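Please treat every number below as a calculation from the coordinates, not as lab data. If you're wondering where the values come from, they're calculated on a predicted model, not measured in any experiment. Every residue, glycine as well, gets a Cβ built from its backbone with ideal geometry; the counts of neighbours run over all protein chains shown.
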Amino acid sequence: DGATALPSTISLASTWDRKLARDCGKVLGNESRMKGFNVMLAGGVNLAREPRNGRNFEYFGEDPLLSGILAGESIRGIQDENIISTVKHFALNNQETGRFSADVRISESSARESDLLAFELAIEVGQPGSVMCAYNLVNGSFCSESDWLLNTVLKNDWKYPGWVMSDWGSVRSVDAAMAGLDQQSGDQLDAEVFFDAPLRAKVESDPAWAARLDDMVHRILRSLFAVGLMDRP
């Protein structure tokens, strides 16, 4: 509805220019904040594994080092404008066809040396306030309820302090909360608003769920303060 049309992300990647990536992020962040947004669903850091993927132009190519560093700089630029940047789609979301059902089978070492490395670098460089999980499955578990991806890798191994949001319509049960999901996004597309009455019932009956809810809220508020959003209404 009237914003600067920047070159595609794959074009930005071809410059290998960290400053330009950050400057582009600042443009995105500034215009979004001026339009009243406080969270951006950017930037994307999925690797180009499938050349026919219709969203490859949104990402930084096939190299995890280049992708992670430039995505991180873009994230820094967005958050320079005091709004949240969301790194996505976590993880191994490399095709659109069958994206709701594709099960990516990969060894831990291969994942950590490729797609997960790109995310790790983007998070280290950009320190995004939030992470959006992907639609697909990884080794048999949907990303929105993958304890290994969200708790073991992201929050424990990488010590990520921000929050994890779902992609729109990707939550299948309230149990996703215990797997590490902090926010149910686009809940009108899910079978149920799981993070409402079902979550409340769990919290009221089990101290472990109450502690999990406290952690969810803390992670969201912490990120809003960390990027200066609360200081620049």
Debye, to nearest 20: dipole size of the stretch 156-210, +1 on Lys, Arg Cβ, -1 on Asp, Glu Cβ
120
Residues in the stretch 170-193 reached by a label modelled at THR152 [backbone nitrogen below 18 Å; 7 Å Cα→Cβ]:
176-181
Over the chain, cysteine residues that find no other Cys C-beta under 4.7 Å are CYS24
Report ³J(HN,Hα) in whole Hz for each residue of the stretch 159-167, in order, from the Karplus equation J = 6.51 cos²θ - 1.76 cosθ + 1.60 where θ = phi - 60°; Gly and Pro get x.
6, 5, x, x, 10, 10, 10, 7, 6
Highest-first arrangement of 195-201, 148-154, where packing means the average Cβ count within 10 Å
148-154, 195-201
Given H placed 1.01 Å from N in the peptide plane, which residues other than close sequence neighbours of GLU62 have an amide H under 5 Å from its amide H?
ALA48
What share of the DSSP beta bridges in the stretch 23-168 is antiparallel, in percent to the nearest 5?
15
Can you work out ³J(HN,Hα) from phi for every residue in the stretch 48-65, in order, using Karplus 6.51 cos²θ - 1.76 cosθ + 1.60 and θ = phi - 60°, giving whole Hz and x for Gly and Pro?
7, 8, 10, x, 8, 4, x, 10, 4, 5, 7, 10, 9, x, 9, 9, x, 5
As a quick test, which of the pairs LYS88/LYS202; LYS35/LYS159; LYS26/LYS88 have an alpha carbon distance above 22 angstrom in this structure?
LYS88/LYS202; LYS35/LYS159
Please check: in the Gaussian network model of the chain (C-alpha springs, under 10 Å), which one of CYS133, CYS24, CYS143 has the largest mean-square fluctuation.
CYS24
Charges at C-beta only: +1 for Lys and Arg, -1 for Asp and Glu. How large is the resulting dipole of the stretch 76-196 about its Cα centre, in Debye rounded to 20?
220
Please report the relative contact order for the stretch 144-199, taking Cα pairs under 8 Å with a sequence separation of at least 6, and give it as a percent rounded to a whole number.
39
Search the structure for amide H atoms under 5 Å from the amide H of VAL39, placed 1.01 Å from N in the peptide plane, and list their residues when 5 or more places away or on another chain.
ILE84
Selected from SER130, LEU92, SER14, residue furthest toward positive end of dipole (the chain; charges at beta carbon):
SER14
Can you find, among GLN79, GLY61, HIS218, the residue farthest towards the positive end of the dipole of the chain? Put +1 on the C-beta of Lys and Arg, -1 on that of Asp and Glu.
GLN79
Could you size up the charge dipole of the stretch 1-102 around its Cα centre, putting +1 on the beta carbon of Lys and Arg and -1 on that of Asp and Glu, and report it in debye to the nearest 20?
140
Residues whose modelled amide H sits under 5 Å from the amide H of HIS89, counting only those 5 or more places away in sequence or on another chain, are VAL45, ASN46
Under the Karplus relation with 6.51, -1.76 and 1.60 and θ = phi - 60°, whole-Hz ³J(HN,Hα) for the stretch 123-129, x at Gly and Pro, equal 5, 5, 6, x, 6, x, x
